[in-house]
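These notes are about the structure you will find just below.
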Amino acid sequence: MRRVPSPVAATPPSGAGRVTLVGAGPGDPGLVTVAGREALETADVVVADRLAPWEAIAWAPPGVEVVDVSKIPFGRSTSQDEINRILVDHARRGRHVVRLKGGDSYVFGRGFEEIQACAAAGVPTRVIPGVTSSVAAPELAGVPVTHRGLVQGFTVVSGHVPPGHPDSTVDYAALARSGTTLVVLMGVRTLPAITEALLEAGLDGATPCALVADASLPSQRAVRTTLAKAADDAATAGIGAPAVAVIGHVAALER
């Protein structure tokens, strides 16, 4: 039987300037894929996010250049335009640039914006998918996002901006009626507004909710609560970013 090469294995010729986007998972370097590790092992430059597992950079060759482009809430931040410029500039010098991003690059990670910037500059790219925290965080806390006979789907939304904000495109009333598990990323700060919007839209306040912080890390914590109590319980427990909120009947399941 003839083997068909996997698209993820296709790389530009060695020595050619190129960019590889590596989704590095929720934080534990053990959750970086084999393909992601192989990319790091041939990197000349690593451009890393705050939430990427920095321990994984040890897999890169000695002398690798590391560029920190962290976006810290209410702190220093590297603009997306500057990140795009860094990727293109290093690749045009003939370097293999590994863009190391937490989670999966295409799930609220602006990865496709970076691919578009590279394409516009004529820089070859490769994308290596990562383990997304939208599924991994609940799973590591013992919560499945779907369960036979209970729920047949899940919806992942960004809580970066609250309901009613001009930049928000999320229809929370529709979410409340969806019958799916709701997974909210980047929603610690906006959790009070999100839960209020869901309650106002008719979602039962007794709906189970799980809050998972620092998923996959030694500092991982999980709080089981309800929709009506989620914001208060998160504040009482000191749940901070990065954290994932899971809203739905699956959040009450026990192993």
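The values are calculated or read from the model by the stated rules, or taken from the named source; none is laboratory data. All values derive from a computational prediction rather than experimental measurement. Reconstructed Cβ throughout: ideal geometry from the backbone, glycine too, with neighbour counts over all protein chains shown. With ligands, DNA and RNA removed, areas are computed over all heavy atoms of the protein, side chains included. Shrake-Rupley method; radii C 1.70, N 1.55, O 1.52, S 1.80 Å.
Just so you know, in the stretch 16-31 the residues that are under 15 Å from R126 (Cβ atoms) and out of contact with any Ser or Thr (no Cβ under 6 Å at 6 or more places or on another chain) include one that is surrounded by the most Cβ atoms within 10 Å (Cβ to Cβ), and it is A24.
A single member of L100, L51 is open to solvent by 70 Å² or more (accessible area, probe 1.4 Å) and within 17 Å of the chain's Cα centre (by Cα), and it is L51. Exactly one residue out of D167, D214, D204, D171 is of a type in the set (D, E, K, R) and under 21 Å from G142 (Cα atoms): that is D214. Considering only residues in the stretch 86-96 that are over 22 Å from the mean Cα position of the chain (by Cα) and part of a helix (DSSP H, G or I), the one that is nearest to V156 (Cα to Cα) turns out to be V88. In the stretch 208-226, the condition of being surrounded by fewer than 18 Cβ atoms within 10 Å (Cβ to Cβ), over 22 Å from the mean Cα position of the chain (by Cα), in a loop (DSSP other than H, G, I, E, B) and in contact (Cβ under 8 Å) with a residue 24 or more places away in the chain is met by no residue. Checking every residue in the stretch 163-174 against the condition of being in contact with a helix residue (DSSP H, G or I) (Cβ under 8 Å, 6 or more places away or on another chain), within 29 Å of R50 (Cα to Cα) and surrounded by fewer than 21 Cβ atoms within 10 Å (Cβ to Cβ) gives at least one match.
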